[in-house]
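Below: the structure, in C-alpha cells.
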Amino acid sequence: MDIVYSSRKWVRRFKGLLMNICVAIILVGISYIIISPVIAIISRAFMHEVDLTNPMIFLIPINFTLDNIRTAWFHMDYVTSLTRTLVFSVGLGVLHVLVAAAVGYGFARFKVPGANVLFALLVVTIVVPVQTYMVPLWMQFRFFTLIPFVELNLIGSFWPIVIITIFGVGMRSGLFIFIFRQFFRGLPKEIEEAALIDGAGIFRTFFRVMLPNAKPPIITVLLFAFVWHYNDVFYTSMLAPGSRLIGMRMTNLEFAIRIGGEVIDHGWESLILYAGVFLVIAPIVAIYFLMQRYFVEGIERSGIVG
C-alpha cells in the first residue's frame with residue numbers, strides 16, 4: 001500500500017510539474033509577443049547603421065551609439081515638447097477627474113426622470129468611434145459662436161480640447177463617467193446621510209465626503225486620461241495642428257530630418273525614427289513603474305473588473 005501511495009504521489013507531482021512547465025512556456029511566449037516590439041524599438045534606438053547590414057545581428061547591436069538619440073532629441077526639441085505635453089496631459093487629466101466625478105456622482109445618487117436613458121446614451125458614446133463625427137466636431141470649433149453673430153476660429157489652439165473636456169465629451173469621457181458612477185453606486189448611502197445630518201449640502205458632501213473616498217477611481221481616471229492625451233495624435237492634429245506636443249513632433253520627425261539634410265541613408269533614417277519612438281515612450285514607462293501599485297489598485301477597486 002505504501003508503494004502504491006508513493007507512486008501515486010509522484011505521479012501527481014510529475015503532472016503538476018508538467019502543467020507548471022506548460023503554463024510557463026505559454027506565458028513566456030505570450031509575453032514575448034507583446035514585449036518584442038518594445039525590445040526592437042530599444043535595440044534599434046541605440047544601434048549603429050553598420051549593424052543593419054550585418055546578418056548576424058538580430059536584436060542586440062554590436063556597435064552601440066547615441067547618435068540616433070541625439071539627432072531625434074534635436075529635431076523633436078525634446079525638452080520643450082515633453083514639458084509642454086506633460087503640463088497639457090496632467091491639466092486635462094485633472095479636468096477629466098473633476099467633470100467625470102461630478103457627472104458620475106449625479107448618475108449614481110440622483111434619481112431624475114430619464115436618467116437611465118441618458119446613461120444608456122452615455123454608454124453608447126464609449127463605443128462610437130470619433131471618426132464618425134470628426135467633421136461636425138471640426139466645424140463646430142472652426143465657426144465657434146460664443147456670442148450671437150460673433151464667430152471665433154478656435155482651430156489651431158488648445159481651447160477645443162479643453163472645452164470638450166469641461167463639458168464631459170472629451171477623449172474617453174464616457175468611460176471615465178462610467179467608472180465613477182459604478183464606484184459611487186457601491187458606496188453606502190449612510191455616508192451621505194451622516195453628512196446631511198451634520199448640515200452639509202450637496203456640494204459640500206460631494207467635495208468633502210465623496211471625493212476623498214473615491215481615491216481608486218481618481219487614480220485610475222487620472223492615469224488613463226494622462227496616458228491617452230500624452231499619446232494622442234488624432235485630436236491634436238485635427239483641432240490643434242500647430243501644437244508642439246511630443247506626439248506631433250514624433251509624427252513630423254521624418255519630415256524634419258529630411259528637411260535638415262543630415263540624413264541621406266534610409267537605414268539611418270529608420271534608426272532615428274526608432275530613437276524618436278523610444279524618447280516618446282520612455283517617460284510613460286518610467287511613470288508606470290513609479291505608479292504601478294496605485295494603478296493596479298485603482299483598477300481593481302474602481303469597478304472596471306468584475
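The values are calculated or read from the model by the stated rules, or taken from the named source; none is laboratory data. This structure is a prediction, so every number in the text was calculated from the model and none was measured. Because the Cβ atoms are built from the backbone with ideal geometry, glycine has one as well, and the counts that use them run over all protein chains shown.
Of the set (1) surrounded by 14 or more Cβ atoms within 10 Å (Cβ to Cβ); (2) under 26 Å from the mean Cα position of the chain (by Cα); (3) touching a residue at least 60 places away in the same chain (Cβ under 8 Å), all apply to GLY186 but (1).
Output the helices (runs of 4 or more DSSP H) that fall wholly within the range 62-170 and possess 2 or more residues being modelled with pLDDT under 90 and either out of contact with any helix residue (DSSP H, G or I) (no Cβ under 6 Å at 6 or more places or on another chain) or of a type outside the set (Val, Ile, Thr) (or both), or say none.
Numbers: elements: 67-75, 78-109, 115-127, 134-142, 159-166.
Counting at least 2 such residues, we get 67-75, 78-109, 115-127, 134-142.
Based on what the data block shows, is THR80 of a type in the set (Val, Ile, Thr), over 24 Å from ILE191 (Cβ atoms) and either in contact with a strand residue (DSSP E or B) (Cβ under 7 Å, 6 or more places away or on another chain) or surrounded by 14 or more Cβ atoms within 10 Å (Cβ to Cβ) (or both)?
Values: of a type in the set (Val, Ile, Thr): yes; over 24 Å from ILE191 (Cβ atoms): yes; either in contact with a strand residue (DSSP E or B) (Cβ under 7 Å, 6 or more places away or on another chain) or surrounded by 14 or more Cβ atoms within 10 Å (Cβ to Cβ) (or both): no.
Against the criterion (of a type in the set (Val, Ile, Thr), over 24 Å from ILE191 (Cβ atoms) and either in contact with a strand residue (DSSP E or B) (Cβ under 7 Å, 6 or more places away or on another chain) or surrounded by 14 or more Cβ atoms within 10 Å (Cβ to Cβ) (or both)), THR80 does not qualify.
Take the conditions more than 19 Å from ALA256 (Cα to Cα), over 26 Å from the mean Cα position of the chain (by Cα) and either modelled with pLDDT of 85 or more or not charged (D, E, K, R) (or both) and apply them to PHE58. Does it pass? Yes. A search for C-beta distances below 7 Å between a residue of the range 139-165 that is free of Cβ contacts under 8 Å to residues at least 60 places away in the same chain and any residue that is part of a loop (DSSP other than H, G, I, E, B) and surrounded by fewer than 16 Cβ atoms within 10 Å (Cβ to Cβ), counting only pairs 6+ apart in sequence or on different chains, returns ARG142/ASN153; GLU151/PHE143.
Of the residues ILE69, ILE126, only one is in the same structural domain as TRP268 (by TED's automatic domain parsing), more than 19 Å from ILE202 (Cβ to Cβ) and either touching a residue at least 12 places away in the same chain (Cβ under 8 Å) or surrounded by fewer than 15 Cβ atoms within 10 Å (Cβ to Cβ) (or both); which?
Numbers: ILE126 fails: in the same structural domain as TRP268 (by TED's automatic domain parsing).
Result: ILE69 is the single residue among ILE69, ILE126 that is in the same structural domain as TRP268 (by TED's automatic domain parsing), more than 19 Å from ILE202 (Cβ to Cβ) and either touching a residue at least 12 places away in the same chain (Cβ under 8 Å) or surrounded by fewer than 15 Cβ atoms within 10 Å (Cβ to Cβ) (or both).
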